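To start, the structure under review is shown below, and the notes come after it.
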Amino acid sequence: MAGMAITSIFEEDSLVPIALTSDALYLFSRLRGELFRTTSTGEPADGPYEHVSLAPLTSPFSLPGHGATYDIAQSRGVTAVSEYVYSDRGLIFTRKRWHRSPSIEHHRFLAPIPSPTKSGMYLLYSPISVPGQYLLLDVSNGNTLETPSAIGIPRFVFSDGSILTESARERWSIYDAGLVVLSGKGAPVCAASDFAIVRQASKEGDGFVLVRHSGQVPLHMGGGWVIVSAVASNSVVLAYAVHPILGQRVFRANPDTMTFTPWLSGGGTSELFSLGAHSTPIIRCTGVASGSRWRTPDVEYTGIFAPREDLEIRNVMVEGMPCVTLRHRTETATRLVVSLHGGPDSHELDDLRYGGMYRDLLDVGCEILIVNYPGSKSLGRGLQRVAWNNWESSARRVARAVARLTSDRHHVQVWLFGTSFGAWMALQIACHVAIDQIIALSPVLNVVEHLDRHRDTDQDFRIWAERRFGDHYRDRGEGQNQVLACPSPVCVLVPDSDEIVSPDSTIASVRLAQDAGRRWDLWMLPGTHYPRRAGDATIRWAALRRAFDVRTRGAQGDQGHPRG
């Protein structure tokens, strides 16, 4: 795949900004391990992203915000660092330096990590034997710092010489003068010269904390806004937050006062990327109408999907649930597609999911209702917890919302589209409102088998399941009865290597329904629960479009494999 163009939103999703020049944004592909650039003026013939060759680099490393990519190789007693600076024309070799390094028999070069100075960095060496000491070599002066391996891997060095580390147990520590002066739960996201942002992951809502040598401050904003992600530089902290009524927005704060004010709104879902301590972070925005783009305070770079002015996106509350409606501005839709996210500890707002498929549905006469059903995360603790041990009530609530919208809009057909846990919700909803078709992707169908499978192997999952399902859904017969109770036709798309939901369980549920005379179709697809390879994603999104097309335009495709 070396040198091939970025042609899909799936591939664009893997890009990470690493540097800005006067007219170009450089991005690294986590999917390919390759470098690309895009400009704000003009567009290459093969799309917005131009491949940048890393030849003749053999061990390239990049630090976000640095003006260069480094080729780093350790040999006996010496580590060689070649520097290739970013320019508006590509990478330009500037110099090669040799640094005295620890013995290769005792320490192995791991990666560069940023120093608090603008262009400085440390070379990080991991101990061969554990327990041992990590060594950090300052390339500017040759000085060395040490941290014990027992407290985790060094991630950042602050301006006062203290070191932020991260352990495998999702804990961070600040190490200074041979002592751990501060520690806590979470994983470092990014760092400025004298503080870092730490994410504390939780199924009930992530928390973010600003940590520095003197203490830690939780990131918080009132008014019903919930922070989903956060990054920082020396001069600003950015937070992407969601709201059950107002949707989504990017806020900013001064690191010294930590008072957030609105900055960017609209444009769909935002991803935040740090460019180090000395550069303003980059924002990526993706939305059904707004398309995909990269934003800085001064420049905007267009992505794979251009904006669409003919589409209307609205955040609405339906039956007390935060929803998003997607419609053509001028055309009348005859079909309603209700989209149910997975999780259930997740949420969905305006975004370019499923390879941008929502646009295709809008173009064939559909209106889309994205429902954040009871049990969804980050849109209010009450909404999330009201579903626990009461999923039947949640299904009835969504059914009422579907019936209400269908009556108001006079839709001829209603489909449910559920992914993972959302597919199970779709089966329950169809028992309470007339549904013409269900499309289930990577689906949980028999929730009893799914819960049992993970309860037996994962203690954290067992605790999670007890809080949300209690003693319900323990009888295997109940799981089968729920499958048989669904009166609607179901098209089931199953990844053959799904590591989250057992393909065997899903296939068995489909066979059970078919043997009972239900109209269920089974399509097998390559890949994992969510695709990890571009080829698998291409096949999956094409199959998903085909599943909808069969029931809208009668179009036939050649991707995906119907069975039974």
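Values for this structure:
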{"item": "Some residue of segment 182-195 being under 30 Å from Pro374 (Cβ atoms), of a type in the set (Lys, Arg), open to solvent by 20 Å² or more (accessible area, probe 1.4 Å) and not in a strand (DSSP E or B)", "result": "no"}
{"item": "Residues (assigned to a strand (DSSP E or B), at pLDDT 95 or above and either open to solvent by 20 Å² or more (accessible area, probe 1.4 Å) or β-branched (Val, Ile, Thr) (or both)) located in segment 333-387", "result": "Val337, Val338, Ile368, Ile370, Val371"}
{"item": "Filter result (surrounded by fewer than 18 Cβ atoms within 10 Å (Cβ to Cβ) and part of a loop (DSSP other than H, G, I, E, B)) within segment 318-332", "result": "Gly320, Arg329, Thr330, Glu331, Thr332"}
{"item": "Hits in segment 491-506 (condition: closer than 23 Å to Pro344 by Cβ and touching a strand residue (DSSP E or B) at 6+ places or on another chain (Cβ under 7 Å))", "result": "Cys491, Val492, Leu493, Val494, Pro495, Pro503, Thr506"}
{"item": "Top-ranked residue in segment 517-529 [being in contact with a helix residue (DSSP H, G or I) (Cβ under 9 Å, 6 or more places away or on another chain) and closer than 25 Å to Cys486 by Cβ; ranked as most open to solvent (accessible area, probe 1.4 Å)]", "result": "Arg519"}
{"item": "All strands (runs of 3 or more DSSP E) inside segment 240-290 with 3 or more residues being under 18 Å from Leu352 (Cβ atoms)", "result": "247-253, 269-273, 282-287"}
{"item": "Residue match in segment 31-50 (condition: open to solvent by 40 Å² or more (accessible area, probe 1.4 Å), in a loop (DSSP other than H, G, I, E, B), within 23 Å of Arg295 (Cβ to Cβ) and of a type in the set (A, V, I, L, M))", "result": "yes"}
{"item": "Residue pairs meeting the criteria (Cβ under 9 Å; at least 6 apart or on separate chains; first closer than 19 Å to Ile500 by Cβ and modelled with pLDDT under 85, in segment 461-472; second of a type in the set (Gly, Ala, Ser) and outside any helix (DSSP H, G or I))", "result": "none"}
{"item": "Count of segment 314-367 residues which are more than 21 Å from Thr286 (Cα to Cα) and free of Cβ contacts under 8 Å to residues at least 40 places away in the same chain", "result": "3"}
{"item": "Residue match in segment 80-88 (condition: out of contact with any strand residue (DSSP E or B) (no Cβ under 7 Å at 6 or more places or on another chain), on the phi < 0 side of the Ramachandran plot and assigned to a strand (DSSP E or B))", "result": "yes"}
{"item": "In segment 152-165, the residues that are in contact with a Phe, Trp or Tyr (Cβ under 9 Å, 6 or more places away or on another chain) and open to solvent by 40 Å² or more (accessible area, probe 1.4 Å)", "result": "Ile153, Arg155"}
{"item": "Residue that is nearest to Val189 (Cα to Cα) [pool: residues in segment 116-143 that are hydroxyl-bearing (Ser, Thr, Tyr) and at pLDDT 95 or above]", "result": "Tyr122"}
{"item": "Test: residue in segment 159-173 that is over 33 Å from the mean Cα position of the chain (by Cα) and not in a loop (DSSP other than H, G, I, E, B)", "result": "no"}
{"item": "Unique match (being at pLDDT below 95, within 24 Å of the chain's Cα centre (by Cα) and either among the hydroxyl-bearing types (Ser, Thr, Tyr) or open to solvent by less than 20 Å² (accessible area, probe 1.4 Å) (or both)) among Ser233, Ser229, Ser202", "result": "Ser202"}
{"item": "Residue in segment 531-548 that is polar (S, T, N, Q) and within 15 Å of Gly355 (Cβ to Cβ) present", "result": "yes"}
{"item": "Close pairs (6 angstrom Cβ cut-off, 6 or more residues apart or separate chains): over 22 Å from Tyr125 (Cβ atoms) in segment 74-102, surrounded by 11 or more Cβ atoms within 10 Å (Cβ to Cβ) and of a type in the set (Ser, Thr, Tyr) anywhere", "result": "Tyr84/Thr69; Val85/Thr94; Tyr86/Thr21; Tyr86/Tyr26; Asp88/Thr21; Leu91/Tyr84; Phe93/Tyr84"}
{"item": "Test: residue in segment 4-17 that is at pLDDT 90 or above, closer than 19 Å to Leu124 by Cα and either of a type in the set (A, V, I, L, M, F, W, C) or open to solvent by 40 Å² or more (accessible area, probe 1.4 Å) (or both)", "result": "no"}
{"item": "Counted residues, segment 69-79 - those being assigned to a strand (DSSP E or B) and either at pLDDT below 95 or over 33 Å from the mean Cα position of the chain (by Cα) (or both)", "result": "4"}
{"item": "Pairs, first of a type in the set (Phe, Trp, Tyr) in segment 109-122, second outside any strand (DSSP E or B), C-beta under 6 Å, six or more apart", "result": "Tyr122/Ser115"}
{"item": "Tally of residues being part of a strand (DSSP E or B) and of a type outside the set (Val, Ile, Thr) across segment 196-217", "result": "9"}
{"item": "Contacts under 8 angstrom Cβ, first residue in segment 10-28 being outside any helix (DSSP H, G or I), partner among the basic types (Lys, Arg) and open to solvent by 30 Å² or more (accessible area, probe 1.4 Å), 6 or more apart", "result": "Ser14/Arg30; Ser14/Arg32; Leu15/Arg30; Val16/Arg30"}
{"item": "Evaluation of Arg308 against (1) assigned to a loop (DSSP other than H, G, I, E, B); (2) in contact with a helix residue (DSSP H, G or I) (Cβ under 8 Å, 6 or more places away or on another chain); (3) touching a residue at least 60 places away in the same chain (Cβ under 8 Å) (one fails), failing number", "result": "(3)"}
{"item": "Test for Thr259: is it more than 21 Å from the chain's Cα centre (by Cα) and open to solvent by 60 Å² or more (accessible area, probe 1.4 Å)", "result": "yes"}
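Yes or no, residue by residue, for (1) farther than 17 Å from Ile128 by Cα; (2) open to solvent by 50 Å² or more (accessible area, probe 1.4 Å); (3) touching a Phe, Trp or Tyr at 6+ places or on another chain (Cβ under 8 Å); (4) not basic (Lys, Arg):
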| site | (1), (2), (3), (4) |
| --- | --- |
| Ser75 | no, yes, no, yes |
| Leu91 | yes, no, yes, yes |
| Arg95 | yes, yes, no, no |
| Arg108 | no, yes, yes, no |
| Ala111 | no, no, yes, yes |
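The values are calculated or read from the model by the stated rules, or taken from the named source; none is laboratory data. Remember, predicted model here, so these are calculated numbers, not experimental data. Every residue, glycine as well, gets a Cβ built from its backbone with ideal geometry; the counts of neighbours run over all protein chains shown. What goes into the accessible areas is simple: the full protein's heavy atoms, side chains included, and nothing from ligands, DNA or RNA. Shrake-Rupley method; radii C 1.70, N 1.55, O 1.52, S 1.80 Å.
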